[in-house]
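Only one structure is covered here, and it is reproduced in the block below.
We did not get these values from a lab; they are worked out from the coordinates using the rules stated. For clarity, every value in this text was computed on a predicted model and none was experimentally measured. Cβ coordinates were reconstructed from backbone atoms using ideal geometry, including for glycine residues, and neighbour counts include every protein chain displayed.
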Amino acid sequence: MAEAVLVDYQERENWNTFVASAESATPYHRFEWMEAIEAAYGHKPYPIGIKQEGRIVAVLPLILMEQPLTRKKAMVSLPFCDLGGAVGAVGHCELMTKKAVELANSMAARELEVRQRDNTGLGYDFETLASELGNRKVSMILELEADSEKQLAAFKPKLRSQIKKAMKNGCTTELGNSHQMVEDFYHVFSRNMHALGSPVHSKDLFHAICKAFGDQAVVAVTYFEGEVAAGGIVLKNGQNAAIPWASSLSEYNRLAPNMLLYWELLSHCANNGIRVFDFGRSSFGEGTFRFKKQWGAQPYLLSWQNWMDASETGAGAPGKIRPMLENAWRRLPLRLVNLLGPLVRKHIRL
């Protein structure tokens, strides 16, 4: 009889072998995501799995997060990304979810949050979808061609011209995952977060992710005249890849560095066996949605489930004061927010 149990670190490769072969699994389901978060932020992972004949056949990665002031705890699958949740046969997923609820209760966690995505795309009738979805959250997914040449040919002429524009303007992109490339990416990312009024992740998190994922992590940096203009990070798993972070500096937008950045990452993925590319979460119809849509990505509805203690419901104050907090954060010096930001960001689940 199948039983959901906590999986030891020694089963890391067994876990990843299943995740790499499971169609609905994402790079965030890999053991490395939990490892990196624990290494950078100290949040403890609780990987739940089911084994049959020595092989892992279902997984549900969880991370325990605790608020520093209130000491309130939450079990999340998974923090700092769009997706997590159970992967495996339906019956196995039910067993693991039951185990997760029991585990959350034993840890005195007030919440259990599971982030999943519908398995079927919503199609390309965007006018009809707009009336049905409003601004609900979706993942934007692109099915890649067999290689970069075919992928470029599949794009609309306008998109190809934007990619060529960045090249003609003198932009160049490098791919890798070295220490210096993470530093260059963070140079852009931290400034962009400051401009948005949002606390930035610790640089240590990105170094930990690249160390844990190894060649399954790709950092791309676009340069103009020796200066960093844009950067992004792609994580791979089996035949799918996701881009959790990408940023460009506004002063270079006229040169279209972001277009070249994304193209080089898509080109790399298409040439290296990746067939599904996840552009990440967007609100339907908003700016980031339109950017991803132009690449041919299709929306998939996100389904985040939350089991919450009744005493925790009805809190709406943070949303009301958020604009004021963002404006105040923008006014702080960059060096200061880069010091303070990670202390705050490590406790924000999104």
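Sequence neighbours fewer than 8 away in the same chain don't count; with that in mind, list the aspartates and glutamates whose C-alpha is under 13 Å from residue 99.
Qualifying aspartates and glutamates at Cα under 13 Å: 3.
Quick check: from the Cα gyration tensor, does the stretch 2-48 come out rounded (a/c under 1.5), prolate or oblate?
Because a/c hits 1.5 or more and a/b fails to exceed b/c, the stretch 2-48 counts as oblate.
Explain nothing, just compute: Karplus ³J(HN,Hα) = 6.51 cos²θ - 1.76 cosθ + 1.60, θ = phi - 60°, for every residue of the stretch 289-295 in order, whole Hz, x for Gly and Pro.
Whole-Hz 3J(HN,Hα) from phi for the stretch 289-295: 4, 5, 4, 6, 4, 5, 7.
To the nearest 20 debye, what is the magnitude of the charge dipole of the stretch 145-274 about its Cα centre, counting +1 on the Cβ of each Lys and Arg and -1 on the Cβ of each Asp and Glu?
Computed charge dipole of the stretch 145-274: roughly 500 debye.
Per the helix-only calculation at 222 nm, which mean residue ellipticity applies to the chain, given -39500 (n - 2.57) for every DSSP H run of n ≥ 4 and division by its residues, nearest 500 deg cm²/dmol?
-12500 deg cm²/dmol
Which shape class applies to the stretch 4-117: rounded if a/c is under 1.5, otherwise prolate when a/b exceeds b/c and oblate if not, where a ≥ b ≥ c are the square roots of the Cα gyration tensor eigenvalues?
prolate
For the stretch 220-288 and the stretch 80-129, compute the distance between their C-alpha centroids and round to whole Å.
Between the Cα centres of the stretch 220-288 and the stretch 80-129 lies a distance of 26 Å.
Please report, in whole Å, how far the alpha carbons of the stretch 139-224 spread along each principal axis, starting with the longest.
39, 28, 28
Exactly which chymotrypsin sites (Phe, Trp or Tyr not before Pro) in the stretch 70-170 are in a DSSP loop and have at most 13 other Cβ atoms within 10 Å?
Taking the stretch 70-170 and a limit of 13 other Cβ atoms within 10 Å, the loop chymotrypsin sites (Phe, Trp or Tyr not before Pro) found are 124.
Loop-only GluC sites (Glu not before Pro) in the stretch 41-95, please: DSSP not H, G, I, E or B, and at most 14 other Cβ atoms within 10 Å.
Here the GluC sites (Glu not before Pro) that fit, given the DSSP loop and packing criteria, are 53.
Please tell me the relative contact order of the chain in percent, rounded to the nearest whole number, where contacts are Cα pairs under 8 Å and at least six residues apart.
So the answer I get is 23 percent.
Return the Rg/Rh ratio of the stretch 186-248 with Cα-based radii and a Kirkwood Rh.
Computed over Cα atoms, the ratio is 0.99.
Over the Cα atoms of the stretch 195-336, each weighted equally, I'd like the Debye log10 I(q)/I(0) at q = 0.15, 0.16, 0.19, 0.21 Å⁻¹, rounded to two decimals.
Taking Cα atoms of the stretch 195-336 as identical point scatterers yields -1.03, -1.14, -1.38, -1.44.
Which far-off residues, 5 or more places away or on another chain, put their amide H under 5 Å from the one on residue 275, with H placed in the peptide plane?
Amide H to amide H, under 5 Å and 5 or more residues apart or across chains, residue 275 pairs with 240.
Report, in cubic angstrom per residue, the convex hull volume of the C-alpha atoms of the chain.
Per-residue hull volume (Cα only) is 148 Å³.
I need the phi-derived Karplus couplings for the stretch 131-142: 6.51 cos²θ - 1.76 cosθ + 1.60, θ = phi - 60°, integer Hz, Gly and Pro marked x.
Residue by residue, the stretch 131-142 yields 6, 8, 9, x, 10, 5, 7, 9, 8, 9, 10, 10 Hz.
Pairs on different chains or at least eight residues apart, Cα atoms closer than 17 Å: how many lysine pairs in the stretch 145-274 fit?
Total qualifying Lys-Lys pairs in the stretch 145-274 comes to 7.
Starting from the stretch 220-283, pick out the trypsin sites (Lys or Arg not before Pro) whose DSSP state is loop and whose Cβ has at most 16 other Cβ atoms within 10 Å.
Counting only loop positions with at most 16 other Cβ atoms within 10 Å, the trypsin sites (Lys or Arg not before Pro) in the stretch 220-283 are 275.
Against the longest principal axis of the chain, how steep is helix 157-168, in degrees 0 to 90 to the nearest 10, with axes from Cα atoms?
It works out to around 70 degrees.
Apply the Karplus parameterisation 6.51 cos²θ - 1.76 cosθ + 1.60, with θ equal to phi minus 60°, to every residue of the stretch 49-57 and state each ³J(HN,Hα) to the nearest whole Hz, in sequence, with x for glycine and proline.
Couplings: x, 10, 10, 9, 6, x, 10, 6, 10 Hz.
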